[in-house]
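Data block below; observations after.
The values are calculated or read from the model by the stated rules, or taken from the named source; none is laboratory data. Because the structure is a prediction, the values reported are computed rather than measured. Note: areas computed on protein heavy atoms with side chains; ligands, DNA, RNA excluded. Shrake-Rupley method; radii C 1.70, N 1.55, O 1.52, S 1.80 Å.
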Amino acid sequence: MPSNKRTVTAFVRKPPAVVLTHLYTGRAGVTRMCAVMGLNKKQWTSLREGIKPLILKYLDVEKSFLYQSEADLARLKEKALTKITFFKKYEDAWIIDVLVRFVFTHRYALVEEKQRSPSSSSLSDTEELTQVHQHSSPKSSPVKATESNAGPSAFMLNQFLKSIKASHFLFCFMRAGLHDDTIFTEFITSPWAVKKSFIEAALQRTASDDEVQAVLAAAQRY
């Protein structure tokens, strides 16, 4: 796991909201999530396991993520930034939100771990830090989107896809969150790793490899 003594240099910008929402669900897959966050899989696993003691201490794992209090989430984030300064290289520490939400997709495993270690909520800061270092959107209805029913809000996305004869993928991208021009503009100007990860996830199990590559090439030129 990246040491909490490590000097923070490179700064990782916060991705557009539509990309973050996709990461929060965990459906993007670990490989794509790592690409967006600038991590290798070893770092991902280490950070994911490292934040679990903080989750068990500061959050109520008997409740889903949606029912966690803002105060508890803020306290967890504050402690995580104090103990793992690697997180500070991320704008607004957005990586913490992604990690916590991802871990909560396996909440029942957290409940079991909490039951096995009932004292986790009363760990001292020293014990908690030791543990950290040891581990050094509702579905859209299936309505086919077309140029005629996409609406003016998706005009830029539609024009982008038409330019590469890929209008049949319009619904895939709208379902993934690119449902208006403002979001599309924010997305298309985001870092390449973010765009690549999002496009691959949006077209997963829908497009052929050649079709995915064509959309990626167009996005890179845009």
Task: Residue pairs, from the table Lys77/Lys162; Lys14/Lys41; Lys88/Lys196; Lys89/Lys162; Lys14/Lys57, whose Cα atoms sit over 31 Å apart - done: Lys77/Lys162; Lys89/Lys162
Task: Thr82 - accessible surface, heavy atoms, 1.4 Å probe, Å² rounded to 10 - done: 90
